[in-house]
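Take a look at the structure below.
The values are calculated or read from the model by the stated rules, or taken from the named source; none is laboratory data. Quantities reported herein were computed from a predicted structural model and do not represent experimental measurements. For neighbour counting, all protein chains shown are included, and Cβ atoms are generated from backbone atoms with ideal geometry for every residue, glycine included. Protein only, heavy atoms only, side chains kept; ligands, DNA and RNA dropped before computing areas. Shrake-Rupley method; radii C 1.70, N 1.55, O 1.52, S 1.80 Å.
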Amino acid sequence: MEQREEIIVLDFGSQYTQLIARRVRELGVYSEIMPYHISMAELAAAHPRGIILSGGPSSVYADDAPLPHAGIFDLGCPVLGICYGLQVIAHLLGGEVERAPRREYGRADIEIDDHSDLFQNLASHIDVWMSHSDHITRLPRGFVVMAHTGNAPIAAIKSEERPIYGLQFHPEVAHTPKGLEILANFVLKIAACSGNWSAEAFVDSAVQEIRSAVGDKQVLCALSGGVDSTVAAYLVARAVGRQLTCVFVDTGLLRQGEATQVCDFYRNAAFHFVFVDASQRFLRRLAGIIDPEQKRKIIGEEFIRIFEEHARKTGDIDYLVQGTLYPDVIESVSVRGPSATIKSHHNVGGLPDKMGLRLIEPLRQLFKDEVRRVGREIGVPTEILMRHPFPGPGLAVRILGEITQERLHVLKASDKIFIDELQANNIYDEVWQAFAILLPIQTVGVMGDERTYENVIALRAVTSMDGMTADWAVIPHFVLAHSANRIINEVKGVNRVVYDISSKPPSTIEWE
Ligand code: XMP
């Protein structure tokens, strides 16, 4: 197969590393993140067309500074250092980096002194986003300054001998409006990539790969009704058709009407479809449980048990499909290492080992928006593709306190009203996630002439790129008012509605 064009981003721990890879992909070029300490052999094996060194929180002169192998400059492909990455270039190639007299953080205006390659077709002054405390005080031999600011005499550099460039600012963030053009100059001109990586190209190569990996073996997949597992299953079905069996378990913790809607859709798919209604089993196991982590654990265990029971009926299975996405993969390879488990995630963890299955993760190279594009390409309907993410443990982590049939009913009915209102007002697709939460308290109200003492529903809607950070969504007051009014009037047992205005961090998106 023809070698795919690839730009490698070496991660030095910047909060923007993922964003760099996303931007390169927006330019139609496949980009992958690797830890800064990757071996030269592995790096060379990827045949990168270019290497981008990310920013990072360290100082190159610190004893334990993360530094890549100096051989990266001899691979022959162009290198671009961003912020800390620029300082890495200066430090490794004989320049000098010191603490700046003043931290530079936020917007800055740079003046471009050299309009060749990296800055071609840009105006003389551009707005950029700076975030650094160190700066270069002496350039490495053979390097020249390409841009400066009032504060920083060295805002961008390049080697006159080799295609090595460095930017003190962040071209990947939205606060650098011309940033994508600078990255395009690096990726498409300097690294000479053609920019032909697309959803269509991805589907073709994924289908081929799955087909040759699976051969005539049987494949199993746990469908959740969400975007990731559905797109993963559709891709695998396109490759191996009815060698794939998909199991969809109704935990009873799904949103109102969801199980029926999802079943109707899957029944027409090109794979074997197995539906299991296990709602009563889950309710029984969750009776009296209040602790969120315990809820997650019980749901995870029960899910695996049910899945196994049904998988065994399918016969000899060799492979398990999982809808793992690139951000999950990056988590485990990033310089920070696997991040501390803040919430234990459910999905089908543990299953492959237990059942001796090999994994197929056809989406492990993709970001969420790319998964949606691939889904569109292979005919997954928009209703499924545009669904908000939904946690594996479902409504269990949105019912604070005990989960009972009655409390599930109150939450499902309230959630449905909120979502219907968002859809009716064209807000649903604008937000990353929106939902209702049932709080474990009761408050006083008055209905007619009677005092009530009933439940509180919290509404949450957030905007986000990837779920890692999020802002609360500014929903028009009339939509909130109408949702609250309907919930209080139509859902028996609710006499108060509040709107959550916390961002992540420091809050999380879910309440448990
Ligand atoms: P938090 O609440 O951690 O959520 O800000 C970030 C994203 O992850 C989803 N989430 C989960 N997904 N199992 C999942 O599969 C879980 O236990 C879980 N907890 C949170 C959440 O809905 C949001 O999209």
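Can you confirm whether segment 38-46 contains a residue that is under 19 Å from Ile157 (Cα atoms) and assigned by TED's automatic domain parsing to the domain that holds Asn151?
No, segment 38-46 contains no residue that is under 19 Å from Ile157 (Cα atoms) and assigned by TED's automatic domain parsing to the domain that holds Asn151.
Please verify whether segment 128-139 includes one or more residues that are outside the structural domain of Met465 (by TED's automatic domain parsing), part of a loop (DSSP other than H, G, I, E, B) and either at pLDDT below 95 or not small (Gly, Ala, Ser) (or both).
Yes, some residue in segment 128-139 is outside the structural domain of Met465 (by TED's automatic domain parsing), part of a loop (DSSP other than H, G, I, E, B) and either at pLDDT below 95 or not small (Gly, Ala, Ser) (or both).
Can you name every residue in segment 305-332 that is in a helix (DSSP H, G or I) and open to solvent by 30 Å² or more (accessible area, probe 1.4 Å)? Steps first, please.
So the first thing to find is which residues in segment 305-332 are in a helix (DSSP H, G or I), and the list is 305-314, 326-332.
Matches in segment 305-332: Arg305, Glu309, His310, Arg312, Lys313, Thr314, Asp328, Glu331, Ser332.
Cβ-Cβ distance below 9 Å, separation of 6 or more or different chains: which pairs start in segment 495-512 with a residue that is farther than 16 Å from Leu438 by Cα and end on one that is open to solvent by less than 40 Å² (accessible area, probe 1.4 Å) and away from the ligand (no atom under 11 Å from the Cβ)?
Qualifying pairs under 9 Å: Ser507/Asp500.
On the given criteria, is Glu302 at pLDDT below 90 and either over 30 Å from Asp64 (Cα atoms) or polar (S, T, N, Q) (or both)? Let's see the steps before the verdict.
Working: at pLDDT below 90: no; either over 30 Å from Asp64 (Cα atoms) or polar (S, T, N, Q) (or both): yes.
Answer is no for this residue.
Pick from segment 377-411 the residues that are acidic (Asp, Glu) and closer than 17 Å to Ile290 by Cβ: which of them is most open to solvent (accessible area, probe 1.4 Å)?
If we filter segment 377-411 for residues that are acidic (Asp, Glu), which is where we start, we get 377, 383, 402, 406.
When the remaining residues are screened for being closer than 17 Å to Ile290 by Cβ, the result is 402, 406.
On the way: Glu402: 76, Glu406: 128 Å².
Filtering segment 377-411 for residues that are acidic (Asp, Glu) and closer than 17 Å to Ile290 by Cβ, the one most open to solvent (accessible area, probe 1.4 Å) comes out as Glu406.
Tell me, which residue of segment 363-376 that is in contact with a Phe, Trp or Tyr (Cβ under 8 Å, 6 or more places away or on another chain) and of a type outside the set (A, V, I, L, M, F, W, C) is modelled with the lowest pLDDT?
Gln365
Condition first: farther than 20 Å from Val145 by Cα and hydroxyl-bearing (Ser, Thr, Tyr). Now tell me which residues in segment 162-197 satisfy that.
Ser194, the sole residue that qualifies.
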